[in-house]
Amino acid sequence: MKSRFPLSQKYIDFINSVHNVSADFLEGTTASGKTTVGAGIKFMRMVSASRKKLHVIAAKTTGKAEETIIQQDNGILDLHRNARYCGNGDKDYKLPHIKFESKIIYVLGYDNKDKWEMALGAQFGCVYIDEINTADIEFVREISTRNDYLMATLNPDDPNLPVYKEFINRSRPYQKYAKDVPQEIMTELTEEPVPNWRYWFFSFRDNLSLTDEDIQRKMLAAPKGTKLYKNKILGLRGRATGLVFSNFDKSRHIVRKEDILPLKQDSRSKQGEYFEYYSAGLDTAYSQKSPDTIAMSFIGITDKGRCVVLDERVYNNAELQTPIAPSDTVLNLIDFLERNRQDWGFARNVFIDNADQATITELNKYKRQSGCIYVFNNAWKKTTIIDRINLQLGWLANSQFYVLSDCVNYIRELEIYSWQEDKDNTPEDKNDHMINSVQYAFLPYKAQIGAVNDSR
């Protein structure tokens, strides 16, 4: 093997960690050297040491694998002069493959299900998956059971992709390098761990072939504050394109309960900001065959015009053995409102999706029969969806909109709610039930939030 680039100590340790390791997951910034060192050096070392003959390199297409892994400068053919690539297969192995020592490394495109299904009848020694976050999840699931050693690279992406929950977040970093993992990612490496699955985070600084000028140029290429900058430059997870709330930033817009408690209404006698209004919203979906949810939200608006999402409650009938009916939602909503009345304050008005008259009917029946301090209103929908989004984007930009850290479902939706690919002015009709619920809660009070003074 011939190498023409320097290796950081972290990469040296990565290459030499060959014992008690059955999977390596390499995540991080762009241009950090993950592919060059991962595929070109350690993966080939693992192939050489394997007792099995057949191995796999998988990328989006075979052309992509050739371009970025096999034939580039410091690619496999450059680093291993005894390796030979048969791009059209040969008489013994019909699929594209690399002949290396006495081994065969199939080169697969996971975009072509017919071809990868044809190859996956065997057991393999080592498998390398390039950009695993973009791979067909069925391919990943299938091939993960057919190898002795798996390596996968990825640039950070939407943290709600199944590949994170099922694979990446089940790995753990070595203690020596745990401090290099951004805290935002470390908090997600919490799925049930698999013994000997290792996580590595690499950044520009780990690629010693980059000069300070190279790094600065790459950092300036992506505008600060964008999801592209977050993914490629900071190496943090989050969907990169098409996001509706593209300026939502966890580090800026998420607050802890203990920091917000001094704003409770009963603190108005103290000097400083306090919650002047409380409101609640309800969006419903009773389907047992979809991820749509029954979503409850509770918000507070301060005398300084700041809006804080304080609590949420989400139900999904597809996940329940006994589905929730509108009459059940009534009791769940009352419990939700009462809990927040004790924790925060009284939200007399509750705003409910007016497309769900069945739930509104049940709520009004409950109010007649049992008495109730709450007023159940139809949601204010005169403000269009685009205008609601525009309001929130402005509040986020001006530090006038916050979310309590406990509201994990709402945070998840803010991170993945996207525009339709074929209609750049229409959001997707999914991942939006908490978003709708919160909008129902704040719309009647939009004039009290931020600098918005227009009529309702």
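The values are calculated or read from the model by the stated rules, or taken from the named source; none is laboratory data. Just so you know, these numbers come straight off a predicted model, no measurement behind them. Positions of Cβ are backbone-derived with ideal geometry, glycine not excepted, and every protein chain shown enters the neighbour counts. These area figures cover heavy atoms from the full protein model, side chains too; ligands, DNA and RNA do not enter into them. Shrake-Rupley method; radii C 1.70, N 1.55, O 1.52, S 1.80 Å.
Please enumerate the residues belonging to the stretch 402-427 that are open to solvent by less than 30 Å² (accessible area, probe 1.4 Å) and more than 14 Å from Asp311 (Cα to Cα).
Glu413, Leu414, Glu415, Ile416, Tyr417, Ser418, Pro427
Would you call Asp292 closer than 23 Å to Ile411 by Cβ, modelled with pLDDT of 95 or more and open to solvent by 30 Å² or more (accessible area, probe 1.4 Å)?
Numbers: closer than 23 Å to Ile411 by Cβ: yes; modelled with pLDDT of 95 or more: no; open to solvent by 30 Å² or more (accessible area, probe 1.4 Å): yes.
Answer is no for this residue.
Checking Phe43 against (1) open to solvent by 10 Å² or more (accessible area, probe 1.4 Å); (2) touching a Cys at 6+ places or on another chain (Cβ under 8 Å), which single condition isn't satisfied?
(1)
Select the helices (runs of 4 or more DSSP H) contained entirely in the stretch 68-144, then report the ones holding at least 2 residues which are basic (Lys, Arg), open to solvent by less than 20 Å² (accessible area, probe 1.4 Å) and modelled with pLDDT of 95 or more.
On the way: elements: 76-79, 113-119, 137-143.
It comes to none.
Answer yes or no as to whether Arg368 is touching a residue at least 40 places away in the same chain (Cβ under 8 Å) and either among the β-branched types (Val, Ile, Thr) or out of contact with any strand residue (DSSP E or B) (no Cβ under 8 Å at 6 or more places or on another chain) (or both).
Numbers: touching a residue at least 40 places away in the same chain (Cβ under 8 Å): no; either among the β-branched types (Val, Ile, Thr) or out of contact with any strand residue (DSSP E or B) (no Cβ under 8 Å at 6 or more places or on another chain) (or both): yes.
Considered against the rule, which asks whether it is touching a residue at least 40 places away in the same chain (Cβ under 8 Å) and either among the β-branched types (Val, Ile, Thr) or out of contact with any strand residue (DSSP E or B) (no Cβ under 8 Å at 6 or more places or on another chain) (or both), Arg368 comes out as no.
Tell me which residues, restricted to the stretch 295-314, are open to solvent by 10 Å² or more (accessible area, probe 1.4 Å), over 13 Å from Asn340 (Cα atoms) and in contact with a Ser or Thr (Cβ under 6 Å, 6 or more places away or on another chain). Write out each step before concluding.
Of all residues in the stretch 295-314, those open to solvent by 10 Å² or more (accessible area, probe 1.4 Å) come to 303-304, 306, 311-314.
Still in the list and also over 13 Å from Asn340 (Cα atoms): 303-304, 306, 314.
Scanning the stretch 295-314 gives a single hit, Val314.
Looking for whichever is touching a residue at least 40 places away in the same chain (Cβ under 8 Å), hydrophobic (A, V, I, L, M, F, W, C) and farther than 24 Å from Ala221 by Cβ here; the options are Ala31, Ala58. Which one fits? Steps first, please.
Numbers: Ala31 fails: farther than 24 Å from Ala221 by Cβ.
Residue meeting the stated conditions: Ala58.
Does Asp13 qualify as being open to solvent by less than 50 Å² (accessible area, probe 1.4 Å) and outside any helix (DSSP H, G or I)? Let's see the steps before the verdict.
Numbers: open to solvent by less than 50 Å² (accessible area, probe 1.4 Å): yes; outside any helix (DSSP H, G or I): no.
So Asp13 fails the test.
Yes or no, residue by residue, for (1) under 15 Å from the mean Cα position of the chain (by Cα); (2) within 22 Å of Asn133 (Cα to Cα):
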| residue | (1), (2) |
| --- | --- |
| Val163 | yes, yes |
| Tyr177 | no, no |
| Asn196 | no, yes |
| Tyr199 | no, yes |
| Asp206 | no, yes |
| Arg217 | no, no |
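Among residues belonging to the stretch 341-366 that are under 20 Å from Asp283 (Cβ atoms) and out of contact with any helix residue (DSSP H, G or I) (no Cβ under 9 Å at 6 or more places or on another chain), point out the one that is most open to solvent (accessible area, probe 1.4 Å).
So, considering only residues that are under 20 Å from Asp283 (Cβ atoms) and out of contact with any helix residue (DSSP H, G or I) (no Cβ under 9 Å at 6 or more places or on another chain), the one most open to solvent (accessible area, probe 1.4 Å) is Arg348.
For the stretch 328-442, please list each of the helices (runs of 4 or more DSSP H) lying entirely inside it that holds at least 2 residues being closer than 29 Å to Glu184 by Cα. Give the steps one after another, and end with the answer.
Numbers: elements: 357-370, 385-397, 408-416, 433-442.
Fully inside the stretch 328-442 and qualifying: 385-397, 408-416, 433-442.
From the list Leu228, Leu243, Leu210, which residue is under 30 Å from Leu391 (Cβ atoms), aliphatic (A, V, I, L, M), open to solvent by 30 Å² or more (accessible area, probe 1.4 Å) and touching a residue at least 12 places away in the same chain (Cβ under 8 Å)? Outline the logic, then answer.
Numbers: Leu243 fails: open to solvent by 30 Å² or more (accessible area, probe 1.4 Å); Leu210 fails: under 30 Å from Leu391 (Cβ atoms).
After applying the criteria, what remains is Leu228.
Looking only at the stretch 145-169, which residues are open to solvent by 10 Å² or more (accessible area, probe 1.4 Å), more than 22 Å from Lys42 (Cα to Cα) and either hydroxyl-bearing (Ser, Thr, Tyr) or in a helix (DSSP H, G or I) (or both)?
Scanning the stretch 145-169 gives Pro162, Lys165, Glu166.
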